[in-house]
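All of the numbers you see were taken from the coordinates with simple rules; none came from a lab. Source: prediction; values computed, not measured. Because the Cβ atoms are built from the backbone with ideal geometry, glycine has one as well, and the counts that use them run over all protein chains shown.
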Amino acid sequence: MKTKNKIINTAIKLFNKQGTNLVSTNHIAKAMGISPGNLYYHFSSKNDIIRAISRQFNSELVSIFQFQLDDVSDFSERFTTLFHSFFKVQKSYQFLFFEGVRLVKHDKELQNGYSELKGLIEESYFKLLSNLVKIKLLKKDSLLIVDELLEKQWIIMWYWASYSSIEKKVFDDERIKKGIVLSLSIIKPQLTAIGKITFDKTLQLI
């Protein structure tokens, strides 16, 4: 693994454990067993490292939403995989969710990255709902309230880790499972009769 990637991975571990305020570039270098000068060869500052982590996170998250639902039989496996993957990524980058509001508020590049990420996921979410309508799992009228559905979905998915932390809940597989069930519940009122049957089968797989 290249030094630059090792710096990113080490920083993620330290930020997740201690928070960005308590971790300096010297702490990261010491944890890696390299000199601060070596670290600064790759990154000019701690903020530069955070931006690199954010770009990596954004790329991973966008890739999760790149899939197609062509048949009813695809729904259960692909939908559960989608949410499992999202919350696994969230667990890997917990500090971005715990400190996201503060970090984004004070960094224009992070603001732009967040806006771009949200826009890409909104596009993917609309395509996903359109596919669910096409295979008759979701009511056609659902597309008229896609913004409302996405906003509810976003709030649950994006802030589940932070909420769990405030509630002093361990963000383990059981907590992730509960987040998935809550996320899926957003579309439940919009399901067709066939969709409800498929939805219930999906919950048994989680």
* **Centroid-to-centroid separation of the range 138-206 and the range 14-66 [C-alpha atoms, Å]** => 31 Å
* Structure fact -> Expressed as a whole-number percentage, the relative contact order of the range 50-205 with C-alpha contacts under 8 angstrom and at least six residues apart is 32 percent
* Exactly which GluC sites (Glu not before Pro) in the range 107-206 are in a DSSP loop and have at most 11 other Cβ atoms within 10 Å? -> 167
* Mind listing which trypsin sites (Lys or Arg not before Pro) in the range 116-206 are in a DSSP loop and have 10 or fewer other Cβ atoms within 10 Å? -> 168
* Cross-link pairs beyond the 23 Å C-alpha cut-off, checked among 139/177; 6/168; 139/196; 46/108; 46/105 -> 139/177; 6/168
* Cβ-derived FRET efficiency at R0 35 Å, residue 101 paired with residue 13, nearest 0.05 -> 0.95
* Structure fact -> Calculating Cα extents along the principal axes in Å from this structure picks out, from [x] 52, 41, 36; [y] 62, 31, 31; [z] 51, 46, 30, entry [y]
* Put +1 on the Cβ of each Lys and Arg and -1 on the Cβ of each Asp and Glu in the chain; which of 33, 112, 192 then has its Cα farthest toward the positive end of the dipole? -> 33
* To do: Please give the length that would be gained between residue 200 and residue 31 if that part of the chain were fully extended, namely 0.36 nm times their separation in residues minus their C-alpha to C-alpha distance (nm, one decimal).
  => 56.2 nm
* **Whether the range 147-192 is rounded, prolate or oblate, judged on the alpha carbon gyration tensor where a/c under 1.5 counts as rounded** => oblate
* Structure fact -> Yeah, the range 71-186 with a ≥ b ≥ c from its alpha-carbon gyration tensor (a/c under 1.5 is rounded, else prolate when a/b outruns b/c, oblate otherwise) is oblate
* Asked: How about the range 1-109: which trypsin sites (Lys or Arg not before Pro) there are in a DSSP loop, with at most 16 other Cβ atoms within 10 Å of their Cβ?
  -> 2
* To do: Set the Förster radius R0 to 22 Å, insert the Cβ-Cβ distance between residue 40 and residue 5 as r into 1/(1 + (r/R0)^6), and round the FRET efficiency to 0.05.
  => 0.85
